[in-house]
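Note sheet for the following structure.
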Ligand SMILES: Cc1ncc(COP(=O)(O)O)c(C=O)c1O
C-alpha cells in the first residue's frame, strides 16, 4: 500500500468503533525496513484523538509517540479525554521542520506577525483557556487518577455485561476506556432495539454496524468518561437487564399470539393452512415486536 507517492501512513490510537489502539510501534518498524529498502522517507501521523490523553497516563510504557523515529505528527482531541468542552483539538509536530513552511500563513496584523496554521481570523479562545486550566489544575497525577478511574469503571461495566451471559465484548482491555458489545444471540432482538429501549431509562447508547468486511457485526458502545461513576456503571448494567427482560417478554407474548392464531386457523375447516418454516415464524415474531417497540419509542431522553 505504500509507494513513492505516499505522503504519510496514519495510525489510530483509539479506534472510534471499539477503542482499540493500533500497533504504532510495529508500523514504525515495518516502515523503517521499507524506507531502508526503497530509499523513501515515508513518515507516520498518529491520530490519537482519544488515546493521546489516555496512553501517557495509564500505559506509559506503550511506544506510540515521538519515541518512535518515524512519528512526525500527532493529533489529540482536547474535548475528549483532555476533559474540556467541545471545540478544542491539538496537533503537534516532532520538529519545526516537519510542518512545511508553505502551510503556514504569516499575517502582518496590527503591527505584529501572526503565524497561523488553521483558518484565519477571529475565534474564541475560551477552549484554549479551559484546556490550559485543566492541564495546570490536574497535572500528570490528576489526569492519571481520572484515567485509572475511567478504566476501572469500564471494567465494572464490562464484567457486569459478561455476567448477564447475553453479550460478547468487542472492545479490548488495552485501549480507550469504553465497552463495545454485541448480542450473543440476535434471533429475537438486535442491538438497535436495545439502544432504542435504553433511551426510556435516560441512556443514549449508540448502536452501529462495523465497517466493510465486518458489517455483519453490530455493536453497542459505551464510552466511559470522568463523570461516569461506578454507580452509573452498575445502574446501566441493571437497566440493560431490565430492557432484555422487557424484550424477552414482548417476544414471548407475540410468539404465543401467533401460535394461538395459527392453531385457530388449523382448526378452521374452511381455511387451508400452509405450514410456515421456523425461519418464517421467527421473522414474523421479530417484525411484530419491532412494530410494538416502535410504537412505544420516545423522541428524546426521558
Ligand atoms: C479516531 C478519531 N479521529 C478523529 C476524530 C475527530 O476528532 P475531533 O472531534 O476532535 O475533530 C475522532 C472523533 O470521534 C476519532 O475517534
- Task: Against the globular-protein guess of 2.2 N^0.38 Å, express the Cα radius of gyration of the range 186-242 as a ratio, rounded to two decimals.
- Result: 1.24
- For the pair residue 232 and residue 96, the simple spin-label estimate (label points 7 Å beyond Cα toward Cβ) gives in nm 4.3 nm
- Pseudo-spin-label distance residue 86 to residue 284, built 7 Å along Cα→Cβ, given in nm, is 4.5 nm
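Could you sort 217-223, 244-250, 169-175, 118-124 so that the peptide with the highest average Cβ count within 10 Å comes first and the rest follow in order? All intermediate terms of the calculation are to be shown ahead of the outcome.
Values: 217-223: 20.6, 244-250: 15.1, 169-175: 17.0, 118-124: 8.3.
Descending packing order for the listed peptides: 217-223, 169-175, 244-250, 118-124.
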- Quick note, the range 161-207: a/c under 1.5 would make it rounded; otherwise a/b > b/c is prolate and the rest oblate (a ≥ b ≥ c, C-alpha gyration tensor); here it is oblate
- Query: Tell me, in nm to one decimal, what length is gained between residue 204 and residue 133 on full extension, where the rule is 0.36 nm per residue of separation less the Cα-Cα distance?
  - Reply: 22.6 nm
- Any idea how far apart residue 225 and residue 1 come out in nm if each label point goes 7 Å out from Cα toward Cβ? 3.0 nm
- Please work out the C-alpha center-to-center distance from the range 203-253 to the range 60-101 and express it in whole Å. 32 Å
- For a quick protection proxy, order the peptides 46-53, 157-164, 133-140 by their average other-Cβ count within 10 Å, most packed first. 46-53, 157-164, 133-140
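Under the classification rounded if a/c is under 1.5, otherwise prolate if a/b is larger than b/c and oblate if not, where does the range 13-165 fall, given a ≥ b ≥ c as square roots of the Cα gyration tensor eigenvalues? The partial results should precede the final answer.
Numbers: a/c = 2.49, a/b = 1.21, b/c = 2.06.
Here the range 13-165 falls in the oblate category.
Computed from the coordinates by the stated procedures, all read-outs in this text should not be read as laboratory data. Note that the structure is predicted; figures quoted are calculated from it, not measured. Ideal geometry is used to build each Cβ from the backbone, glycine not excepted, and the neighbour counts take in all protein chains shown.
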